[in-house]
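What follows is a short report on a single structure.
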């Protein structure tokens, strides 16, 4: 039983991403904004399991998160797929401090990618109305999310990488 | 004769792992099609011990007084108008449903709240949701125990509204920040900062005369229309209890 749970720890964390996405803990946010939670799981997963696995789980995450958010016209899948693929090409760094800061930078970049993809979809959908210019100020959503994701990433990603590595270790 | 035969029989469909991935993929497709109702119901039970209590009473009573004064004024005017017309359909608000907010996303792109009443309690897609102050949004999706509400600030929200002072209809569009934009398709509309915006009597999506917000700023980027920022009366980031209106318009 212990062996089973140890092996499945990453997937157990995966199940809780939509829950924390719904929970939206205000004490971990700033002015109502939240970090982009799925990246905290996707980065360690992709770094350990590689690009293809990252791509597939990016798709899975996108499917689940799209289903619990109401925006039927817009999707998070392209951003998460791209992030999953790109994160898989990053190797673990031996230096403790550089590794930590790198998680922050990479997650910020991923959050920027996902936010931009989402924003472009909104602009594209409203392009014909000639009202699309009024959506420009909401670019602040991306900036706030990028900042918060980068701020919390070293904390969450480093812990998750440790846990995921532990789950892959063989029992003696 | 040369006997050509396959040396290796290893194909992707022979791998157990591929089938496991395929089954997982089908499961996620199912979750996507069912709009995450499994997750939402799971979250319902998980968050049950943390649902909001009654401590917001004073804040709510103050907001309610303001709301009722504005509403009374609007209803009087509306009543006079209706008496003149004499052909409007009747609306009844006997079966409103009170619900607690169990999940709240009021920042970023996804602006929605999830309520602890679902299809089991008679909530239907399209029902309007109001809180202390006025309109919050419309029910977009229901599961057995929960219902998800698209807030008027969401980029997905577009509603017909009414500016009472100048008697004109407009379109309220959520843009992903805390103040939705009101579009008036008339350059000559004499709208001013401080004007009151309510749901349109002509709307097919909302019941009439629900307070929505107050004009915050006016911009004229286009020749043929005005863009107006509206400050909402109901504050979705702090409201814990809401009313679901089961009105048939």
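Examine segment A:64-72 for a residue that is within 12 Å of the chain's Cα centre (by Cα) and either more than 13 Å from every other protein chain (Cβ to nearest Cβ) or crowded, with 18+ Cβ neighbours inside 10 Å (or both), and state whether such a residue exists. Steps first, answer last, please.
Within segment A:64-72, the first condition is being within 12 Å of the chain's Cα centre (by Cα), and the residues that meet it are A:65.
Within this subset, residues satisfying the condition of being either more than 13 Å from every other protein chain (Cβ to nearest Cβ) or crowded, with 18+ Cβ neighbours inside 10 Å (or both) are A:65.
Scanning segment A:64-72, I find at least one residue that is within 12 Å of the chain's Cα centre (by Cα) and either more than 13 Å from every other protein chain (Cβ to nearest Cβ) or crowded, with 18+ Cβ neighbours inside 10 Å (or both), so the answer is yes.
What is the residue count in segment B:178-192 for residues that are outside any strand (DSSP E or B) and under 18 Å from residue B:134 (Cβ atoms)? Please lay out each step first, then the result.
Filtering segment B:178-192 down to residues outside any strand (DSSP E or B) leaves B:178-180, B:185-192.
This time we only want the ones that are under 18 Å from residue B:134 (Cβ atoms), so: B:178-180.
Total meeting the criteria: 3.
Residue A:123: at pLDDT below 85 and buried (at least 22 other Cβ atoms within 10 Å of the Cβ), yes or no?
Working: at pLDDT below 85: yes; buried (at least 22 other Cβ atoms within 10 Å of the Cβ): no.
Taking the combined requirement at face value, the residue does not satisfy it.
Taking only pairs six or more apart or across chains, which ones have beta-carbon atoms under 6 Å, a first residue in segment A:48-63 that is within 11 Å of another protein chain (Cβ to nearest Cβ), and a second residue that is buried (at least 23 other Cβ atoms within 10 Å of the Cβ) and not in a helix (DSSP H, G or I)?
A:62/A:76
Would you check which residues across segment A:18-32 are facing another protein chain (nearest Cβ under 10 Å) and over 17 Å from residue B:114 (Cα atoms) and list them?
Scanning segment A:18-32 gives A:29, A:30, A:31.
Identify, please: which residue in segment B:98-111 is in contact with a strand residue (DSSP E or B) (Cβ under 6 Å, 6 or more places away or on another chain) and at pLDDT below 85 and is, among those, farthest from the other protein chains (Cβ to nearest Cβ)?
Among them, the one singled out is B:111.
What single numbered condition from (1) within 14 Å of another protein chain (Cβ to nearest Cβ); (2) at pLDDT below 85; (3) more than 19 Å from the chain's Cα centre (by Cα) fails to hold for residue B:7?
(1)
Only one of B:191, B:218, B:249 is touching a strand residue (DSSP E or B) at 6+ places or on another chain (Cβ under 9 Å), modelled with pLDDT under 85 and more than 14 Å from chain A (Cβ to nearest Cβ). Can you tell me which?
Details: B:218 fails: more than 14 Å from chain A (Cβ to nearest Cβ); B:249 fails: touching a strand residue (DSSP E or B) at 6+ places or on another chain (Cβ under 9 Å).
That would be B:191, the only listed residue that is touching a strand residue (DSSP E or B) at 6+ places or on another chain (Cβ under 9 Å), modelled with pLDDT under 85 and more than 14 Å from chain A (Cβ to nearest Cβ).
What number goes with the only condition from (1) within 30 Å of residue B:158 (Cα to Cα); (2) within 10 Å of chain B (Cβ to nearest Cβ); (3) modelled with pLDDT of 75 or more; (4) assigned to a helix (DSSP H, G or I) that residue A:143 does not pass?
With (1) within 30 Å of residue B:158 (Cα to Cα); (2) within 10 Å of chain B (Cβ to nearest Cβ); (3) modelled with pLDDT of 75 or more; (4) assigned to a helix (DSSP H, G or I) applied to residue A:143, the lone miss is (2).
Considering segment B:163-207 alone, what residues qualify as being at positive phi and either buried (at least 19 other Cβ atoms within 10 Å of the Cβ) or under 15 Å from the mean Cα position of the chain (by Cα) (or both)? Walk me through it before giving the result.
Here is the first cut: in segment B:163-207, the residues at positive phi are B:167, B:176, B:194.
Selection gives B:176 alone.
Assess whether residue B:153 counts as being more than 9 Å from chain A (Cβ to nearest Cβ) and within 18 Å of residue B:108 (Cβ to Cβ). Walk me through it before giving the result.
Details: more than 9 Å from chain A (Cβ to nearest Cβ): yes; within 18 Å of residue B:108 (Cβ to Cβ): yes.
Spelling it out, residue B:153 is indeed more than 9 Å from chain A (Cβ to nearest Cβ) and within 18 Å of residue B:108 (Cβ to Cβ).
Among B:213, B:160, which is in a strand (DSSP E or B) and surrounded by 23 or more Cβ atoms within 10 Å (Cβ to Cβ)?
Details: B:160 fails: surrounded by 23 or more Cβ atoms within 10 Å (Cβ to Cβ).
Within the list B:213, B:160, the selection yields B:213.
The values are calculated or read from the model by the stated rules, or taken from the named source; none is laboratory data. Because the structure is predicted, anything quoted here is derived from the model rather than measured. Heads up, the Cβs are rebuilt from the backbone with ideal geometry, glycines too, and the neighbour counts pull from every protein chain shown.
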